[in-house]
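Trainee: Provided herewith is a single structure, encoded as structure tokens, for subsequent inquiry.
Throughout, read-outs are computed from the coordinates displayed, never taken from laboratory work. Predicted model only: the values in this text are computed from it and were never measured. Positions of Cβ are backbone-derived with ideal geometry, glycine not excepted, and every protein chain shown enters the neighbour counts.
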Amino acid sequence: MRYKALGRGEIGIKISEIGFGTWGIGGLSRGGATSYGKTDDNESKRALQCAYDSGINFYDTSNIYGDGHSEELLGEVFKNRRDRIVIATKVGFVEHLKPQDFSINSMTESLDGSLRRLRTDYVDICQLHSPSLDQISLGVISEFVNKLKSQGKIRMFGISVKSPKDCRSAVLNFGAEILQVNFNMIDQRALDFDIFEFVNKLNIGLVLRTPLCFGFLSGKCLNAEFGSDDHRSRWPKEQLDKWREAPNFFIEIAKKMRLTLSQLAFRFCLDQVGTTTVIPGMITVEEVMENASVSNTHPLGPIILSEIRNIYLNHSFFIAKPK
């Protein structure tokens, strides 16, 4: 496993270039289709242990993943190894599909709840969870961050942006040290907005989420049906069909590079200059082992990167937003 310095490096945090996104292991939550469905806690804990054994030390979570259950799992598995892992959590949502609250009291209460579930007295990164930047106050955010840093409850401040177009403002207007953004082979908006060049120049930590586009780029969702508790059921059938077909554009490239589709997708993310870590969701030991192995693969090279870029530029993979 390869490791990279996170952000400007003043604190000295180094994280694995493959991280662990914990939305999936959180399991069911209030609010309907807001998860990946029911999960097995024992399997989730085995996956977390396998990730740790594979060198993964970065775990991204939130108070609303399984209504806090993903944080509880992290707290249980790593209660005696807290100093060996890096945890990022989020504030802003009180509950899935309900109005966000970025007031100091709400964010502080949310973080304190996360700390209890995580069985720790600090998190390495506290992130605002998909805020509308025109609806949050710089004064409030600055006061919250400075207070929590002075209390030792957080080490770094980040924003998990709603859209890649928010990245510049998140850094320049709100002082984000870490950015989390959507990016994958069929959603390259971060390249469209020159975000990689931007973060690399300013030495901002960059966390890439949805590297498999909700699992579709793994090629394993071709015939999948999503239950009423799975957030993917909220997308129109036409959109799901587009995503199911998307892997066909990359199969030959994966074969040529002797990679699985998932490994190709992760490699594409890692090879963007400025990427700090990629955080796929993982539920099983098998998924962890396949994903962690990407760190040992060779870069794709400019020709393959250009080929994947051109596929994106010449095809439309999105037709609508979630209902």
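Trainee: Could you work out the relative contact order of segment 3-313? I mean the mean sequence separation of Cα pairs under 8 Å and 6+ apart, divided by the number of residues, in percent.
Mentor: Details: 591 pairs, mean separation 67.9, N = 311.
Relative contact order, segment 3-313: 22 percent.
Trainee: Excluding VAL123 itself, calculate the net charge of residues whose Cβ lies under 14 Å from the Cβ of VAL123, where each Lys or Arg counts +1 and each Asp or Glu counts -1.
Mentor: Cβ neighbours under 14 Å give a net charge of +1.
Trainee: Related question: Which GluC sites (Glu not before Pro) in segment 199-265 sit in a loop by DSSP (not H, G, I, E or B) and have at most 10 other Cβ atoms within 10 Å of their own Cβ? Can you show the working numbers first?
Mentor: Numbers: sites: GLU225, GLU238, GLU245, GLU252; in loops: GLU225.
Here the sparse-neighbourhood loop sites are GLU225.
Trainee: I've got another one for you. Between segment 216-234 and segment 272-323, how far is it from one alpha carbon centroid to the other, in angstrom?
Mentor: Answer, in whole Å: 18.
Trainee: May I pose another question? Sort 120-127, 38-45 for me by packing, meaning the mean count of neighbouring Cβ atoms within 10 Å per residue, highest on top.
Mentor: Numbers: 120-127: 21.4, 38-45: 14.6.
Per-residue mean Cβ counts within 10 Å order the peptides as 120-127, 38-45.
Trainee: Measure off 7 Å from each Cα along the Cα-to-Cβ vector at GLN135 and LYS79, then give the distance between these two points in nanometres to one decimal.
Mentor: 3.8
Trainee: Enter the Cα centre distance for the pair segment 172-214 and segment 75-139, rounded to the nearest angstrom.
Mentor: What the calculation gives is 20 Å, centre to centre.
Trainee: Mean Kyte-Doolittle hydropathy of -1.0 or higher plus an axial Cα length of 20 Å or more: which whole DSSP H helices in the chain meet both?
Mentor: Details: long enough: 104-118 (21 Å, -0.35).
The answer, listed by residue number, is 104-118.
Trainee: What does the charge count around ASN105 come to, taking other residues whose C-beta lies under 12 Å from its C-beta (Lys +1, Arg +1, Asp -1, Glu -1)?
Mentor: Details: positive: LYS147; negative: ASP101, GLU109, ASP112, GLU143.
Result for the neighbourhood of ASN105: -3.
Trainee: Note the listed values [x] 22; [y] 53; [z] 28, then indicate which one is percent of Cα pairs over 32 Å apart calculated from this particular structure.
Mentor: Recomputing percent of Cα pairs over 32 Å apart here picks out [x].
Trainee: Shifting gears a bit: What aspartates and glutamates could a cross-link reach from LYS256, if we take a straight Cα to Cα line under 14 Å and drop same-chain neighbours fewer than 8 places away?
Mentor: GLU307
Trainee: Separate question: Measuring from label point to label point, each 7 Å out along Cα→Cβ, what is the ASP121 to ASN146 span in nm?
Mentor: 2.4
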